[in-house]
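Here's the structure, in structure tokens; my notes come after.
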Amino acid sequence: MANYSFKKEVEVFILSGGNRYKLDVGEVNFNQTFSEKSYPVKTLHAQTNVFEASVINKASPANFNFNIFAIVENDFSIVETLMLNVSAFDLFIKTAADIFKITNCVITNGTFVIEKSRPLSIAVQGQGSRVLRGQSLTGSLQSRNAAKTYTIPQSLTTTINGTTVPFIVSHTLELQNEIKWTPYTTVNGALDATSASNSMYPSSFTLSKKILSGSMVEYLTNVNTSDTQTWSKSASIRIKAGNGLSSSSFRGFDFGPATCSFTNRVNAGNIFTQSYDWRMTQNPTSLGAVLKYVTDNDT
């Protein structure tokens, strides 16, 4: 009887620097496609050859996405490290029936999900060189903490130029790593490609730009009468969402203070709100100094 692979049974591992880290994912998806080109085969002596032939010798970058909870323990902090540093790693997706491996991965997008009364989480998107099936897990499996404590945003602090934004409805915070894969199509590679095993796959990438941006929605009241329908090119923004009020006990997402631009607009819904769309314009020496996923390991 055939064994099937079910998503609910999936285990996900990151392999970085010879170490293997097990992640607890809420969702995972991945795929890779091959580029196909057609050419005519109809000739003077073969007028009935109206179906074109095919050339397949190149693979597009593999795509993957998964999400993890931003727990208090430091078990998943490797994701933050790879995201901020734009470092390459391998990704294993293990089911009861099979093991897939995506080689030379890079995180291209990380969304820090902040919702009231729900655990903080990070949604990750990325690309890799190649999807392989029927693999074996490699690397030294790292130990996990015995506990797994979800980070509920009991404390949410937002300031613009040192002034508290008090009536926050929602936040989004997103880091984009814009990468470019080094051109990998060659004449020799195209001629040598006879199957998927020796097709042309992307192998290296460069970082071209980073974008750290987000939005915040605030209720309009008779108290917050400033900063409506306005903009700024150099506002200092600070966002903290997580557990604990003091700096020593805080666990969660901590952004800023950092220089940002923003635009502000009014939304006329059942309850009037205003939305700030912001983007960091500062170039810090270390991105990890202004964007932090704070865990027990950071005490």
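Only Cα pairs under 8 Å and at least 6 apart count here; give the relative contact order of the range 178-235 as a rounded whole percent.
That works out to 36 percent.
Among [x] 31, 24, 18; [y] 43, 26, 18; [z] 52, 19, 15, which is the computed semi-axes √(5λ) of the Cα gyration tensor in Å?
Given [x] 31, 24, 18; [y] 43, 26, 18; [z] 52, 19, 15, the structure-derived one carries the label [y].
Among 236, 206, 114, pick out the residue whose Cα is farthest towards the positive end of the charge dipole of the chain, where Lys and Arg carry +1 and Asp and Glu carry -1 on C-beta, about the Cα centre.
Of 236, 206, 114, it is 206.
Excluding residues on the same chain fewer than 8 positions from residue 209, give the lysines whose Cα lies under 30 Å from its Cα.
In chain and number order, the partners are 22, 58, 101, 180, 233, 240, 292.
Residue by residue through the range 15-31, what is 3J(HN,Hα) from phi via Karplus (6.51 cos²θ - 1.76 cosθ + 1.60, θ = phi - 60°)? Round to whole Hz and write x for glycine and proline.
In residue order, the calculated couplings are 10, 9, x, x, 9, 10, 10, 8, 9, 9, 9, x, 7, 8, 9, 7, 6 Hz.
Can you list residues whose amide H is under 5 Å from residue 99's amide H, if they're 5+ apart or on another chain and H is modeled 1.01 Å from N?
134, 135
With contacts defined as alpha carbon pairs under 8 Å and 6 or more residues apart, what's the relative contact order of the range 160-299 in percent? It would help to have the intermediate numbers written out before the result.
Details: 254 pairs, mean separation 33.2, N = 140.
Answer for the range 160-299 is 24 percent.
Given H placed 1.01 Å from N in the peptide plane, which residues other than close sequence neighbours of residue 165 have an amide H under 5 Å from its amide H?
Close amide H contacts, sequence-distant or interchain: 158, 159, 160.
If I take every Cα pair under 8 Å that is 6 or more residues apart in the chain, average their sequence separation and divide by the length, what percent do I get for the relative contact order? Write down the numbers at each step before the final one.
Numbers: 720 pairs, mean separation 50.4, N = 299.
For the chain, the relative contact order is 17 percent.
Less than 16 Å apart at the alpha-carbon level, and either on another chain or at least 8 residues along: which aspartates and glutamates does that give for residue 210?
80, 174, 178
What three numbers, in Å, describe the spread of the alpha carbons of the range 172-299 along their principal axes, ordered from the longest?
Each principal axis gives a Cα extent; for the range 172-299 these are 71, 41, 29 Å.
Only helical DSSP H runs with n ≥ 4 go in: add -39500 (n - 2.57) per run for the chain, normalise by residue count and round the 222 nm mean residue ellipticity to 500 deg cm²/dmol.
On the way: 2 runs with 15 residues, N = 299.
After summing the helix terms and dividing by the residues of the chain, the value is -1500 deg cm²/dmol.
Roughly how big is the chain's charge dipole about its Cα centre, with Cβ charges of +1 (Lys, Arg) and -1 (Asp, Glu), in debye to the nearest 20? Show your work: numbers first, answer last.
Numbers: 25 positive and 21 negative charges, 50 e Å.
Computed about the Cα centre, the dipole is about 240 debye.
No lab work stands behind these numbers, since they all come straight from the coordinates. Since the model is a prediction, treat every value here as computed from it, not as a measurement. Because the Cβ atoms are built from the backbone with ideal geometry, glycine has one as well, and the counts that use them run over all protein chains shown.
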